[in-house]
Structures are given as C-alpha cells and as structure tokens.
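See below for the structure under consideration.
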Amino acid sequence: MNSSTSVVATGLTKRFGATLALDGIDLELHRGVTGLLGPNGAGKTTLLRILATVLARDAGEVRLLGADPRDGSGRLEIRRRLGYVPQEPGFHASFSAFDFVDYVAILKEMADRRSRHEEVRRVLSLVGLEAVMHKRIRQLSGGMRRRVGIAQALLGSPELLLFDEPTAGLDPEQRLRFRELLGASADGCTTLISTHQTDDVAALCQRVIVLLDGSVRFDGTPRALAETATGRVWLSSERDPSARLAWITAEGRVRHIGEPPAGVDLVEPTVEDAYLLLTGAIADSQAA
Amino acid sequence: MEVIALLVLVGIVALLRSKLQRDGGPDVGWSANGGPTEQATSASAAAIERGSERAVARALGRVESRRLAGGFSFSLGITFSLLIVVLFGIVWAADFEERWENIWLNAPIYAYPLVGMTIVGVHAAVTRERRDGTAELFASCPVTPAVRTVGHLRTAWVPVVAVVAFLALFGLASISQSSAFGSIPLRTAGDVLAALTLAVGATFLGVAVGRWAPWWPAPIVAIVLVAVVSSRISGIGEPGHWSQRRQLSTFPRYPDYDPVFAIRPVWWHLAWLVALCAATAVVALLHDRRDRLVTTAGGITVVALLVTGVGTSRPLDENEAELVASMVAHPERHQDCIERVEGSFCTYDGFEDLGRMFADELEPVLAGLPAAAPDGIVMRQLFDDRLEELDPEVRDRLPSTAQLTGADVNLGYSSHPEVFDASRISVGLWAVGLPAWARPDASVQVIAGEARGVIALWIAARGLAPEDAADLASAHPDPNAADPPTAFVLGMAWPEPCEVGPAPVAWARQDLAAARALLALPEPEVRAGIDEDWAVLTDPDTTTAELMDRFGLPSVGPIDELQPEVWECTY
C-alpha cells in the first residue's frame, strides 16, 4: 500500500440472509476518481455503505485512510475524513438548504458557529445554491436537493468521498456541472462514485470497477474497459439476430455488440458498449 | 371571546402560510453565481477547528432549540397555554376565590398542555432523521448518537422559558382579575419550580421515547401512560383517605380539605421530580452510550429516586402530625383573631385577608343583632371535612369528631360570594340558638314551621339591599334537574354545599315565604317586635304561623312535612 492508497479491502464479504451481496472482494482505491459500475443488485451500494462505515462487513478486512472501521477510534477517524452521499440521502424538508448543511456540519464536529457558517456557504456556493440557500428544502427542485446532498459531502474537504448515484435526477447540464465540480474539488482526495451512467465514468473517472453479483469483474481505466469490446461493436442498417444486444441509434442505424459476422462495419467501442458486453456475457455464462 | 377568535385566526393563517411554503419554487441554475469549476478552484475549505463533544452538543442544542421553538407541536402547546391564560387568568379568574397559594400550587397542572406538546415536539425532533431518511447520512458523521442525544437534551431550556413566560403572563392576568387573597409563601416557589421541572422532564422524556420508541404514536402513548400512572398514584389508598404515597405523582398532590392542614413536602417533591428527570435523561443516553460515566450516573439517579421517593412519600413525623392534629383539634392555638363590634373573626396564618373580608361582610349583621341576642360570637376556621381524610398519623392523635373544639360560626376557607351568604345565615342561626354549621355526614336539623328559623333569616339579611335580602331567603333549585324539586329542596335557603359546606338546618318553603314577607316590612317595626318577644319568637315551640300573626302578615299555609337528611356536596 503506497501513500496514495486510501482504501484497502481484502476478502470483503457481506450477506443479507440468503443473498450474498459482496463475495470476497479485493480492492484498493487511490487518490483520484473511481467509478463503480454494475447493474442493480450488483453490490455497489453495499460496498459504499461498508466503506462509509454505516454497515458492518461479515468477513474480510478493510482499512480506510489507514484506520480500521471495526475499531471505535478508527471509525471515528475515518468519519472525520469522509464525505458521503447515500443513494437516498433524505432531507429535512422543513430545513433551509443552509440549515441542513449547517446541521451536517455540526455532525462533522464543526462547533464554532462563525467558521462553520463560512464553510457551509463555501460548499453551497460550490454547488451553485447560494442564491436559494435560505429557502426550505421542500421548495427546492429534485436537482437542487441532489446538490444540497453533494454540498454536505464536500464539507471540510474530506479525503475520501463516496457518492452513491449522485447524478440520478440531475438533468444533462447539471450532470456536466457535477463532473466539473468533482474534477476540481476532488483533486487530492479519493473519490468513489457508484453510478449507472457510463458516460459519467468515461468523462470523469481515472479508473472504473465493474461489480457484478458481489464480485469485481473489471478493474482498470475506462479506456481499458472500452477496449475489451474492441472488434465486437458494429453498425448496420438492419438488426442482426446474432448480436447479443442491439439498439437503434439517433442516426437511424442499428448498433450491435457481440460476436460480429464477417464483413460488418466495426466501430470504436465506448465504455457503455464494453460494460453491456461484460455484464451480458456474464449473464449468458451464468445462464449456460 | 375576541382573544380566542384572534388566536384561532392566527393559527389558521400560520397553517395556510406553512402550506403555501410547501409548494416548490423555480429551479435555480447549478452555477447561479459563477460556475462550479470557477467556485471550486477559487474557494477552498476554511481551516475548520474540530469541536469537543461538549462544544458539538452545545451547537446541536442551539440548532435543535430553534427548531423546537418554531415547531408545530410546541407552537400548539404555546397556543394551549395562551388559552389557559385567557380562560383561567382573565375570563374565569373571578372564580378564584381562595388563597394565592392554592392557585399557584396548581402551577404544574397549568403547564401540562405545554409539557405534553413538548414531549411530542422533542420526539419529532429526535426521530426526524428516521422519518426523513437522513439516518444513514448522519451515521457516517463522526458525531455519535449519544452526543446528538445530549444536543436534544440541551433543548430543555426552551420549554422552561416558555413555562416561565406563561406563568408570568398567567400571574399578571390573574392578579388583576381574580378574587384570590393572602400572601404567597416561599413554598409556592417549590410548586412553580415543579412546573419548570416538568418542562425539563418533558424534554428528556421526548428524547428517551424518541431514542427507544421512534414511532409516531409513541409520544402520545407516553403522555397517556404518564397521565394514567400519575392519576393512579394520585389516588393511592382508600377513597377519601389521604396517603402520602400520593406525593409520588407528577400531578399536584393535595387533599380535598384545605391545604393549610397538609404538610406538603414541596421541596422533597421537587427533588423527586428532578430525580425523575435525571433518570429519564440517563435512560435516553443509555440507548447509545453505556460507558462507566453513564452507568454511574444511572446508579446515582436510582439512589436519588429512592431517597427522594422515600422523602416525598414518607409518613408525617411526630412533630408534623402533632402540629396538624393540634390545628384540627385546637384551632384557637393557631389562629389570630380580628375583633369587630361584638364578634371575633379568627383565621389561620395566611387567611388574614379572608378574616377581614368576613368582618366587613358580617359587620352589619352583628350590628343589627337584636339586643336580646347572645353576645360575643366567635367565628373561626375549622377543619370541617372528614377526619379520615387526614394523614393516618394525624388521625391517631385526634379525639372523635364530637370532641373537637368548635366555634359559633365556621368561616371556611373561600371568598366565594355564597360563603358570605352562608356565614350570614350562620350568624342568624347562632343568634336564635340553632346549629350554625354542620360537619360532613351530619343530618340537617329540620326547623320547618319554627319561627326562630324565619327570624334567623331576617337577621342574616341585615345590611343587604331588598332584592338581595329576598334572594338570601329563597331556595335555588337546579333548573336543569331532571326531577321536579322536592319539598326539601324548595325549603333550602342554605347555599350550594359544594361551595359552602353541608347545611346545618332545613326550612320549609313556607318558612322562606314568611321570611321574605318579614323582610318586606319596615326594619324598625320588625326589630321592635323581635326585641320585645325575643324569648318567645326564638322558642322552638313558636310556629311560623304565630310569627306571621304577631306581625299581622297573611298566613303562608300549611307547613311541608320534612324528614332529616344529609345536605352536602355530592361530587
């Protein structure tokens, strides 16, 4: 583990009754932005909750920012350096955006009112909410609420940022803004983003992890993920029944992924192509 | 009524405003004031100093206090309190016809609505994270649930300030409106502090219930449970028999008789409430923190509960029992008297104002007594309730009821207008040699058709305006009674026994008609006649018909036949 390694997990296992949510995951996270891809039920949220110290693992070892979350003082140390946006963060609708973030700031041990309020204004300004920060959260749109959730995670410039589907509910422009924000503010810290948005991963992440059925199925750069589909993505004017997946593009052509027949018009794969190919292939192999 | 209407209006406006604010506003761009990239690069995190647990709890307490004070439940509690001020401090304040101490010992019960809504409000605050789905986010923060619990406990000052303001407002309103009398002794401070302690306890209970039972009906169940348990404790023991264990209730605890005969362990009770509060706080903390500090505090509060519980519910000691027994059996040793005309008005400590009120009211009656009437009437406050309602230690030291020291007239403990009417009649009855007051359970002496009963009413009405005099010599049957009034009711000139105590005698309605006829005659004429024939007219064998003949008044007809019965308060 080098000095930039913030998260080390070995054999990480979590079970909910008969369901194996995480199946002995080995993982290291370093400074920079890592995307966590996977279909619903893959174990992404479970992994993030364990890393956020709100869920205990059943087996395996985890060290976060050099501390053991099983240990009380270690857990405290981690939480002091952690920013977390849960999948469904929840808001106190009767609070104003300022009051809510201020409340979280207190829960992050920022007791001094003056400096805390400065920090709250700073993070709300980062997400562009300073003009509406004294409005009640119930008066804000879904996108603005998401930004309130992101703002609270940025309090105190944490070393480890965990986002569980932070761009869900954001419109394209807001997603773009989020990427910009994260690109600027996440510098020097370790950020893990769980998402379904492969284009977010492609645009934002230096590294991508694909999780499927509680196991890591890919760990590498977005480019490396995309390259796994090289030679397996093609366009044609009609749907090819041999393709694993096919859909009509905006240009009216049919994009296919799978084993291409000879002579087709191969195209450069995207992260999404590769992700779909990977998850589809695994599903097929399991079905077989 | 205008004030109530105004309050309701304010409430409706507040609700509408709150509803309107729920409607969403327009979206605001991500970069309302410069793009996020620009902001992110230009603004960096300030050096944030990490606060101690105490500092964090204090900061949380400030935030939660603001939210509690502005919350719906607490506002509703404030509204209830304002209604109490309006109703009891203004509209019905004139009905407070007792000592200030008796009014203020109810301070905790006046605070109950606010206290109850505080439990609901605090519970809502504690369970907010569960309700709004922020529990997971908060769990990822370094501040522990125990510190958050302390933050909620620190909001207790909000209901305390509200209760102080409410009681101050209530006090100011009732001072100007009520008919209360007497000074306010130091021990009243204990009752007021008990109300404030209940406010603290409500906060702590709201936190404890929120931590252990975070479901929305829980605070309602808790309030009902506390009310039922407190009510049950208030009724410990046989009905009509006082038990000091009733002091363990959070309800104001005092017997049916006037508290002047009760040794109320006000300060012990306050300590008991404080211990209950401390125990509740420990229960709240134990949900998330079970270290040595909290468990030690728990142990200390258990000891405190035991000590203060025993202290507040212990039987009276020998000196206390002797004192109360002596006050009951020998009131003359504990009373100061005001001498007026031919009578003495003797009251216990704290009732001097009432003694003066009686002296002023009865002065014309005493001055108007016939020359032949007895001299030197003694009017004093007596223990006029059932002896079995006293503490057992006091009862053991008392002789039988029949052996208790009496007085010519029992003054009672209230300044209710009907009490003054009863005392007038008592003086009249005493003057003609009839019992002037009665102990509980004693049957009335039937004086139907006896002239002396009529004379007594004439004496009682001295100094009154003609219509008031006629009213004094009239029965007041309940107009809402299901059954037609009996002959007994139609002849009862004694005022409402729940206000003035049991009736000593019973007239026939024909006697009351005779008294009103006599009152209608010129006073000098009647006075001369009574003076002249005092011995005859006050003789039990002289009839009302003979009295009417003596004054040349028309007959009132045959006298109703009455049977002796108990005429006392039935609720």
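Can you go through A:Phe95, A:Phe16 and tell me which one is surrounded by fewer than 22 Cβ atoms within 10 Å (Cβ to Cβ) and out of contact with any strand residue (DSSP E or B) (no Cβ under 9 Å at 6 or more places or on another chain)?
A:Phe16 is the lone residue from the list that is surrounded by fewer than 22 Cβ atoms within 10 Å (Cβ to Cβ) and out of contact with any strand residue (DSSP E or B) (no Cβ under 9 Å at 6 or more places or on another chain).
Tell me the residue from A:Gly214, A:Gly156 that is in contact with a strand residue (DSSP E or B) (Cβ under 6 Å, 6 or more places away or on another chain) and not aromatic (Phe, Trp, Tyr), please.
A:Gly214
Checking the condition in contact with a Phe, Trp or Tyr (Cβ under 9 Å, 6 or more places away or on another chain), at pLDDT below 95 and among the acidic types (Asp, Glu), which residue from B:Asp533, B:Asp560 passes?
Answer to the selection: B:Asp560.
Please return the ranges of helices (runs of 4 or more DSSP H) entirely within region B:89-205 where 1 or more residues are over 30 Å from A:Ile50 (Cβ atoms), in contact with a Phe, Trp or Tyr (Cβ under 9 Å, 6 or more places away or on another chain) and at pLDDT 95 or above.
Ranges flagged: B:107-126, B:145-153, B:157-177.
Would you confirm, using the coordinates I've provided, whether A:Leu129 is surrounded by 21 or more Cβ atoms within 10 Å (Cβ to Cβ), touching a residue at least 12 places away in the same chain (Cβ under 8 Å) and closer than 20 Å to A:Arg223 by Cβ? Let's see the steps before the verdict.
On the way: surrounded by 21 or more Cβ atoms within 10 Å (Cβ to Cβ): yes; touching a residue at least 12 places away in the same chain (Cβ under 8 Å): yes; closer than 20 Å to A:Arg223 by Cβ: no.
Criteria not met by A:Leu129.
Within the set of pairs 6 or more residues apart or between chains, which connect a residue that is farther than 15 Å from B:Arg397 by Cα inside region B:325-336 to a residue that is surrounded by fewer than 18 Cβ atoms within 10 Å (Cβ to Cβ) and among the hydroxyl-bearing types (Ser, Thr, Tyr) with Cβ atoms less than 9 Å apart?
B:Glu332/B:Thr405; B:Arg333/B:Ser326; B:His334/B:Ser326
For region A:31-68, name all the residues that are in contact with a strand residue (DSSP E or B) (Cβ under 6 Å, 6 or more places away or on another chain), within 14 Å of chain B (Cβ to nearest Cβ), farther than 22 Å from A:Arg146 by Cα and outside any strand (DSSP E or B).
A:Leu65
Can you tell me which residue within region A:151-177, out of those that are part of a helix (DSSP H, G or I), more than 7 Å from chain B (Cβ to nearest Cβ) and touching a helix residue (DSSP H, G or I) at 6+ places or on another chain (Cβ under 7 Å), is farthest from A:Val7 (Cα to Cα)?
Once the filter is applied, the top-ranked residue is A:Arg175.
Yes/no per residue for (1) without any contact (Cβ under 8 Å) to a residue 60 or more places away in the chain; (2) out of contact with any helix residue (DSSP H, G or I) (no Cβ under 6 Å at 6 or more places or on another chain); (3) surrounded by 18 or more Cβ atoms within 10 Å (Cβ to Cβ):
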| residue | (1), (2), (3) |
| --- | --- |
| A:Ala21 | no, no, yes |
| A:Leu27 | no, yes, yes |
| A:His30 | no, yes, no |
| A:Ala52 | no, yes, yes |
| A:Asp58 | yes, yes, no |
| A:Val62 | yes, yes, yes |
| A:Ala67 | yes, no, yes |
| A:Arg81 | no, yes, yes |
| A:Ala105 | yes, no, yes |
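In the list B:Ala297, B:Ala275, B:Ala271, which residue meets the criterion of being hydrophobic (A, V, I, L, M, F, W, C) and buried (at least 21 other Cβ atoms within 10 Å of the Cβ)? Break it down stepwise before answering.
Values: B:Ala297 fails: buried (at least 21 other Cβ atoms within 10 Å of the Cβ); B:Ala271 fails: buried (at least 21 other Cβ atoms within 10 Å of the Cβ).
One residue alone meets the criteria, B:Ala275.
Check whether at least one residue in region B:255-262 is free of Cβ contacts under 8 Å to residues at least 40 places away in the same chain, of a type outside the set (A, V, I, L, M, F, W, C), farther than 23 Å from B:Tyr112 by Cα and out of contact with any strand residue (DSSP E or B) (no Cβ under 9 Å at 6 or more places or on another chain), and report yes or no. Please lay out each step first, then the result.
So the first thing to find is which residues in region B:255-262 are free of Cβ contacts under 8 Å to residues at least 40 places away in the same chain, and the list is none.
Taking every residue of region B:255-262 in turn, none turns out to be free of Cβ contacts under 8 Å to residues at least 40 places away in the same chain, of a type outside the set (A, V, I, L, M, F, W, C), farther than 23 Å from B:Tyr112 by Cα and out of contact with any strand residue (DSSP E or B) (no Cβ under 9 Å at 6 or more places or on another chain).
Just to be sure, is A:Ile137 more than 7 Å from every other protein chain (Cβ to nearest Cβ) and more than 21 Å from A:Gly188 (Cβ to Cβ)?
Considered against the rule, which asks whether it is more than 7 Å from every other protein chain (Cβ to nearest Cβ) and more than 21 Å from A:Gly188 (Cβ to Cβ), A:Ile137 comes out as yes.
Could you tell me which residue of region A:180-205 is farthest from the other protein chains (Cβ to nearest Cβ), considering only residues that are over 16 Å from A:Val7 (Cα atoms) and in a loop (DSSP other than H, G, I, E, B)?
Result: A:His196.
State all residues of region B:528-550 that are surrounded by fewer than 17 Cβ atoms within 10 Å (Cβ to Cβ) and in a loop (DSSP other than H, G, I, E, B); if no residue qualifies, say none.
B:Asp539, B:Pro540, B:Asp541
Identify, by number, the condition in (1) crowded, with 23+ Cβ neighbours inside 10 Å; (2) at pLDDT 95 or above; (3) more than 7 Å from chain B (Cβ to nearest Cβ) that A:Met110 doesn't meet.
Among (1) crowded, with 23+ Cβ neighbours inside 10 Å; (2) at pLDDT 95 or above; (3) more than 7 Å from chain B (Cβ to nearest Cβ), the lone unmet condition for A:Met110 is (3).
The values are calculated or read from the model by the stated rules, or taken from the named source; none is laboratory data. Computed from a prediction, not measured in an experiment: that's the story for all the values here. Cβ atoms come from the backbone with ideal geometry, glycine included; neighbour counts cover every protein chain shown.
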